[in-house]
Amino acid sequence: MKIQKQLKDQIVEICNSFNNDPCNLINVLHQVQGKIGYLPVEVQQVIAECLHIPASKVYGVVTFYAFFTMTPKGKYAVSVCLGTACYVRGAEKVLEEFERQLGIKSGETDATGTFSLNTLRCVGACGLAPVAMVGDKVYGRLTPADVKAIVEEYRAMEK
Amino acid sequence: MEKIKSLADLKKRREELQSNMQLREMGDNVDNMIQVKVAMATCGIASGAKQVMETIINECNTRKLPVVVTQTGCMGYCYAEPTVEVKKPGQEPVVFGYINPAKATELVEKYLVGNELLDGIIPVNYEKIDK
Amino acid sequence: MDKIKVTIDNRTVEVAKGTTILKAAQQLGIEIPTLCHFELEGLNFHNRPGGCRICVVEVPGRRTLAPACVTECMPDMVVYTNSPRVLNARKTVLELILSDHPADCLNCSKCGSCELQDLAIRFGVRENPYVGGNHVQSEYKVEVSPSIIRDMNKCVMCRRCEEMCNKVQTVGALSAIERGFPAVVSTAFGNTLTESPCVFCGQCVAVCPVGALTEVDNNYQVLRDLADPNKKTVVQVAPAVRVALGEEFGMKPGEIVTGKLAAALKAIGFDYVFDTDWSADLTIMEEGTELIGRLKKFLAGDKDVKIPLMTSCCPAWVNFYEKHFPQLREYPSSAKSPQQMFGAVAKNYFAEKINCKREDMVCVSVMPCLAKKYETGREEFKKNGNPDVDYSISTRELARLIKMFNIDFNTLEPIEFDSPLGESTGAAVIFGATGGVMEAAVRTAYEVLTGKTLPKIDFEELRGLEGVREAVVDIDGLKLNLAVVYGLGNARKMLELIEKGECKYHAIEVMACPGGCIDGAGQPYHHGDSSIIKARWEATYRADRELPIRKSHENPSIQAIYKEYYKEPCGHLSHEQLHTIYFDKKIRVDEE
Amino acid sequence: MANYKYHILICGGTGCHASQSAKIKENFEQLLKEKNLENDVQVIATGCFGFCEKGPIVKMLPDNTFYTQVKPEDCREIIDEHIIKGRKVERLLYLDPKTQEHKSDSKHMGFYKKQMRIALRNCGFINPENIDEYIARDGYKALASVLEQNDPEATIEDIKKSGLRGRGGAGFPTGVKWGLCRPNKADQKYMICNADEGDPGAFMDRSILEGDPHSIIEAMAIGGFCIGATKGLIYIRAEYPLAIHRLQVAIGQAREYGLLGKNIFGTDFDFDIELRYGAGAFVCGEETALIHSMEGQRGEPTFKPPFPAVEGFMKKPSNVNNVETLANIPVIINKGWEWFSSIGTEKSKGTKVFALAGQINNVGLIEVPMGITLREIIYEIGGGIKGGKQFKAVQTGGPSGGCLTEKFLDTPIDYENLVAAGSMMGSGGMIVMDETSCMVSVAKFYLDFTVEESCGKCSPCRIGNKRMCEILDKITKGQGTMEDLDTLRNLAKVIKDSALCGLGQTSPNPVLSTIDNFWDEYVAHVVDKKCPAGQCKALKKYVIDPDKCKGCTACARKCPVGAIHGTVKNPHEIDQAACIKCGTCIDTCKFNAISIQ
């Protein structure tokens, strides 16, 4: 297993800021993922070493929580809310349309790393249901017909 | 900021802070409060409506009166500016003309507190203040 | 202690406060079925996740059923263990567990000793509404490591292995991963056990209720070589095997079956049936000499000498310090384990003696251990790719081999091991129990150091079943601080003391498994019955008492081989053949 | 200090934030500056007003004018008309759907009329990032008086007498919980706030944290004092960045004022608060799982006892309360337990916040007194069913709750009644469904959620819920049998009876309640192979009526899978094997020629 020194130093620094206390594993994982976008194997191994816990435990925690991911997200992370309010207002169809427009299934990232698609449970904008997010931007009161335009908006930015 | 060290400290601090919040607290209960509207169109401002409004707000604050003071556009009584409309809960609104800061204080003292009418009432058919 | 009354299935019993419903029921002879629950009393292993829900019972007044294994009795509690509500829930839960478990009992290596199978038999699950159709089963890759097979498709998430690996052994190779239906116990990142911090102690296998964790079966390789007329087959049997094998043939735990064991191996067709006890005596000579050497330097004020000396017989323990504390790997003795000493002697000295080419000799060991399988494959124990020990089979595998050969073990006439590598002493037998290696070493060291005969041969102070024991042994005025630990968690504590420079001991014996090799991962499954381990332990010391020679250095065949071949313990040739070096195998991330 | 004549309150809750409320605030500020009014008018971002359906909300004070669905470009008109000319901007006022009248005062709106805001008292009223505004609203007075009284047992007694029960789900009496923790001796105890709102459709905790973070800090300090804890921990969803930010600001301010830290109010009581982040696991709402998660472990529940009050965070006595529960504490102390216990029903006191969503006109966050009926909530507050459709069911309690029908509409809402009806209070999600909702699919939706969120520790939940979900899937595909329904019912009962934690034990509720209340719908799927609501894809067929089809080809061009064939001006046909039942054609057809069978 190999890791770039600079990255390792960053992780070590984050762990240090939490006193290398294993109790803070989840807070550490949040910060590290916030910094590099995902939690690859070697990163988890370094965290395990810093916090003096087995790597299996780190892996067990990373795979337990939906928030943590071991694969990098796309440049534009599309999240479709599947909370109940959105569900009863047709979020599933919106999700299907995103899948069709992006050519990937929920949980996947496209080959170029441009888009990734995910579902989430309630962003709390139930008044706007159904809701999807691209990065931090919220799109509300969506119908499947709106999806294409949203995707095109980002595709255009890429060109 | 200095630390708050006791209940008395907190109370003192609260009182200092409350005046600003009072404006919002009133909004919660607008129907049961005296509503004062100061006409603040160009003609009103030119004849000192701004000072009138300040005075009313200050007077009400010092007396801790439950009064909502807002501004409004031209009421059409340009000849009598500054004009002030007062509506007490359950009563028809009354419009007073030729109000200056001194008269404003009097208005608060006499009409708002004491329900005693002042000179300068403009007789009109009033619509509801909050239609 | 406070006593409380509980009524279970209309019968009342008085139990101590804090007793679980499960234990209280046991006092009444009511056997509530369990699956995840596992305890080794006195060995400090408790697994009570309350996860499988097989043991649920009805407590009137409670909204839901209560898991008997974790619910403590309350004063005047009323419990029903067999009400219709309970039986329906239990059967349904069992059906659910079975619905996510392959129905391949016939070719599962756990067949016959599987706790889930026992439950299925007990509840007579014939039709399962949750199998077939669109009902899916978990799918995981099967891993075959040098010692252990992990088939997580069979995992029932009892978490015993995880608890053992983390809490008892502090190895940390295993953890539950994922959540919900895909949740399973795994290594970090799904790596192989070899790539993980696993030390192959196999205690996960020892506690697994089903066939998710089993040993690699080497029986068919042994059979192939037995059938090859060009091969000379040599077998060695570890000390702990003889006090446990009988269990596989219906004997009560603690039966000593040494003679029958030798006879069975002969009947199977091994050309030479030898005894690892012999090489255990050899180990004492080597390791004891090394200890004396280090002690002398230490007492002379040598600051560089590594004290304490730690034993190195246990291959899981060797893996442990190589993978977890490589920086301290100079503390353990450089002496090979008895299995590997035997292999080295067999393939060098003995092969030469019987005029057999190394390649034509097949050396098989019967071990209570799964780490021994890994040990046989170590590169440093091979010559031109040919290993000193070809295969290591477990006590369980041997039992299967015996059955396969239609041997009625119970009526076998006992015989002696073959000579010359079959003679041994009581000091070697006790290698099988925690504290045994230390006691054997002290017996020899005392007499070698002082030149006097031991006044009392039994060192009771080194015996016991507590995980950490310490004793001061007076060797004619020289007070030796000794420690005996089992369980790698306890070993870790010792290593941490050494690391901090706070270790006061001169020598430490370490065994990875609870109670030593008698509870090794290759032994017959005890299914949580710690009285079995106790019985094996007692038998070990009984076997010692019953032997005419009880000190390794008095073993005539050992004396002979030094005279004839090795010349002296820790001499040049023994360093070449009987000692080894350790490696840094820590799993770490390197900087690019 | 400026003597403001007007306050403009702008909702800064997540929902309104998502529709550009920050930009609105910015515009107001800039316009006021332009017009030299910045000393007359104060612009404040507040927490959630609750009426998310009509967001972004802007409220003008002192005259209490409530503007809805405000866009950034509306700001100029509001300033020009409302502030300067004193005229209300009619088009932005709330339009009563029944009377078609504009309502300017929120109190007169159906949505607010029946509400009673205790937990949400400051949401939409104060600037959550300004401790002074909280103090001006009696903030920290409760803490001060509790500390002055210096009799934690008496305070616990008051909370007990108030009848406050846990708002996170099960409704355990809060005072009793504190009382159980207090006597346990330890060198360290913890007061924990559960802010890991996981119910997919409930956001009251987030709104309170965003709108009134100090109330939680104050309540935690009070709780800490009562149970003997000097450390407070807030376990908050990482998906709530705004709430996290507001909490951090509030904690910083409280420390600055000496309301957190050492010797609070000059007494020897020390208390401070740290944040711990959740990471997307519904089960972490269960207190033992939450504690394990805070310890850096997998969030798996453990058997109780030991209860957290005895062995909690780091094995120390701990007390876990939910956000909404805590928000009630300062008010109870300030106004007295008698006042609080006068609200609500016999066993359920005070108010409850619900996140009202689904096929209803007024989606939003509401706070109502216990004992109110579902009918009042749905028809008066919620403004009835969207699009004039027929009410079918209301789901309460999230994935742990059940679907209630028409016959429960007049049942007074409290903990016991909801459980008796086969649902539960839960954290307060309330999803209204109309005739187009298929109840089998709804049950499956919740089961999908539970399957995804099950921790996997106990077999009934790990395997049982998966099996239930598979059976439901079969039924929605028209492959179910009547035996499947029996199996489903038995399985649901066993899981309820034997799962390890509250999540598992309540996970079958959506299935049980729909089987009980919508048995016919299940039978229709199984026997008739029909989905009465027309939701189940596998059971519906799109067909083109050849008489109505004009052959315009619009549908064929829009069909994403090319399943529609035909020539121009001739009736088209749908290839059923290729059709993915997306419904695009039906939306496209201008001639109503396509229908679902």
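Odds and ends about this structure:
- Exactly one residue out of D:LYS457, D:LYS466 is within 8 Å of another protein chain (Cβ to nearest Cβ) and either under 17 Å from D:THR514 (Cβ atoms) or in a helix (DSSP H, G or I) (or both): that is D:LYS466.
- Screening D:PHE172, D:PHE125 for residues that are hydrophobic (A, V, I, L, M, F, W, C), closer than 30 Å to B:ALA39 by Cβ and outside the structural domain of D:LEU61 (by TED's automatic domain parsing) leaves exactly one candidate, D:PHE125.
- Index of the failed condition, C:ASP474 passing every other in (1) assigned to a helix (DSSP H, G or I); (2) surrounded by fewer than 16 Cβ atoms within 10 Å (Cβ to Cβ); (3) at pLDDT below 95: (1)
- Considering C:GLY124, C:GLY202, the condition of being touching a strand residue (DSSP E or B) at 6+ places or on another chain (Cβ under 8 Å) and more than 8 Å from every other protein chain (Cβ to nearest Cβ) is satisfied by C:GLY202 alone.
- The set of residues in segment D:327-366 being charged (D, E, K, R), touching a Ser or Thr at 6+ places or on another chain (Cβ under 9 Å) and surrounded by 24 or more Cβ atoms within 10 Å (Cβ to Cβ) consists of D:LYS349 alone.
- Note on segment D:1-93: enclosed strands (runs of 3 or more DSSP E) holding 3 or more residues that are touching a Phe, Trp or Tyr at 6+ places or on another chain (Cβ under 6 Å) are D:41-46.
- Scanning segment D:1-57 for residues that are among the aliphatic types (A, V, I, L, M), within 13 Å of another protein chain (Cβ to nearest Cβ) and over 23 Å from B:LEU17 (Cα atoms) gives D:ALA18, D:ALA22, D:ILE57.
- Verdict on C:GLN236 being away from every other protein chain (no Cβ under 14 Å), under 23 Å from the mean Cα position of the chain (by Cα) and within 13 Å of C:ILE148 (Cα to Cα): no
Residue-by-condition table, conditions (1) surrounded by 23 or more Cβ atoms within 10 Å (Cβ to Cβ); (2) within 9 Å of chain B (Cβ to nearest Cβ); (3) under 26 Å from the mean Cα position of the chain (by Cα):
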position: D:ASP80; (1), (2), (3): no, no, no
position: D:GLY86; (1), (2), (3): no, yes, no
position: D:TYR94; (1), (2), (3): yes, no, yes
position: D:PRO97; (1), (2), (3): no, no, yes
position: D:LYS107; (1), (2), (3): no, yes, yes
position: D:LEU120; (1), (2), (3): yes, no, yes
position: D:PRO128; (1), (2), (3): yes, no, yes
position: D:ASP138; (1), (2), (3): no, yes, no
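- Here the condition is being at pLDDT 95 or above and either within 12 Å of chain D (Cβ to nearest Cβ) or part of a strand (DSSP E or B) (or both); of C:ARG85, C:ARG63, it holds for C:ARG85 alone.
- D:LEU290 fulfils the conditions (1) within 14 Å of chain B (Cβ to nearest Cβ); (2) farther than 24 Å from D:PRO128 by Cα except for a single criterion, (1).
- Residue identified as of a type in the set (Asp, Glu), more than 23 Å from B:LYS50 (Cβ to Cβ) and either without any contact (Cβ under 8 Å) to a residue 12 or more places away in the chain or not assigned by TED's automatic domain parsing to the domain that holds D:GLY382 (or both) among D:GLU81, D:GLU73: D:GLU73
- Test: C:GLY211 is more than 24 Å from C:THR540 (Cβ to Cβ), surrounded by 20 or more Cβ atoms within 10 Å (Cβ to Cβ), facing chain A (nearest Cβ under 10 Å) and out of contact with any strand residue (DSSP E or B) (no Cβ under 7 Å at 6 or more places or on another chain): no
- The condition of being more than 21 Å from the chain's Cα centre (by Cα), within 30 Å of D:THR450 (Cα to Cα) and among the hydroxyl-bearing types (Ser, Thr, Tyr) holds for only one of D:TYR235, D:TYR190, that being D:TYR190.
- Some residue of segment C:53-61 being outside the structural domain of C:TYR486 (by TED's automatic domain parsing) and closer than 21 Å to C:HIS526 by Cβ: yes
- The helices (runs of 4 or more DSSP H) falling completely within segment B:1-103 that include 3 or more residues that are in contact with a helix residue (DSSP H, G or I) (Cβ under 9 Å, 6 or more places away or on another chain) and more than 12 Å from every other protein chain (Cβ to nearest Cβ) map to B:49-63.
- Residues in segment B:87-111 that are surrounded by 21 or more Cβ atoms within 10 Å (Cβ to Cβ) and within 24 Å of B:SER19 (Cβ to Cβ): B:ILE99, B:ALA104, B:LEU107, B:VAL108.
- Taken as a whole, the structure places D:THR230 among residues that are more than 30 Å from D:ILE44 (Cβ to Cβ), of a type in the set (Ser, Thr, Tyr) and surrounded by fewer than 24 Cβ atoms within 10 Å (Cβ to Cβ).
- Qualifying residue in segment C:551-560 (condition: surrounded by 24 or more Cβ atoms within 10 Å (Cβ to Cβ) and touching a strand residue (DSSP E or B) at 6+ places or on another chain (Cβ under 9 Å)): no
- The residues of segment A:2-27 that are surrounded by 15 or more Cβ atoms within 10 Å (Cβ to Cβ) and within 8 Å of another protein chain (Cβ to nearest Cβ), listed by number, are A:ILE3, A:LYS8, A:PRO22, A:CYS23, A:ASN24, A:LEU25, A:ILE26, A:ASN27.
- Residues satisfying the stated conditions in segment C:150-199, i.e. within 9 Å of chain A (Cβ to nearest Cβ) and among the aromatic types (Phe, Trp, Tyr): C:PHE189
- Only residues that are in contact with a strand residue (DSSP E or B) (Cβ under 8 Å, 6 or more places away or on another chain), at pLDDT 95 or above, part of a loop (DSSP other than H, G, I, E, B) and surrounded by fewer than 24 Cβ atoms within 10 Å (Cβ to Cβ) were counted in segment D:268-301, giving 1.
- Residues being more than 14 Å from chain A (Cβ to nearest Cβ), modelled with pLDDT of 95 or more and crowded, with 19+ Cβ neighbours inside 10 Å are represented in segment C:130-140 by at least one member.
- Residues of segment D:577-597 satisfying the condition of being part of a loop (DSSP other than H, G, I, E, B), within 14 Å of chain A (Cβ to nearest Cβ) and modelled with pLDDT under 85: D:ILE580, D:LYS581, D:CYS582, D:GLY583
- Some residue of segment C:167-181 being more than 21 Å from the chain's Cα centre (by Cα), touching a residue at least 40 places away in the same chain (Cβ under 8 Å) and surrounded by fewer than 24 Cβ atoms within 10 Å (Cβ to Cβ): yes
- Residue count for segment D:425-452 satisfying the condition of being under 19 Å from the mean Cα position of the chain (by Cα), part of a loop (DSSP other than H, G, I, E, B) and not hydroxyl-bearing (Ser, Thr, Tyr): 3.
- Test: A:GLN6 is more than 24 Å from D:GLY299 (Cα to Cα) and in a helix (DSSP H, G or I): yes
The values are calculated or read from the model by the stated rules, or taken from the named source; none is laboratory data. Computed from a predicted structure; not experimentally measured. All Cβ positions, glycine included, derive from the backbone under ideal geometry; neighbour counts span all protein chains shown.
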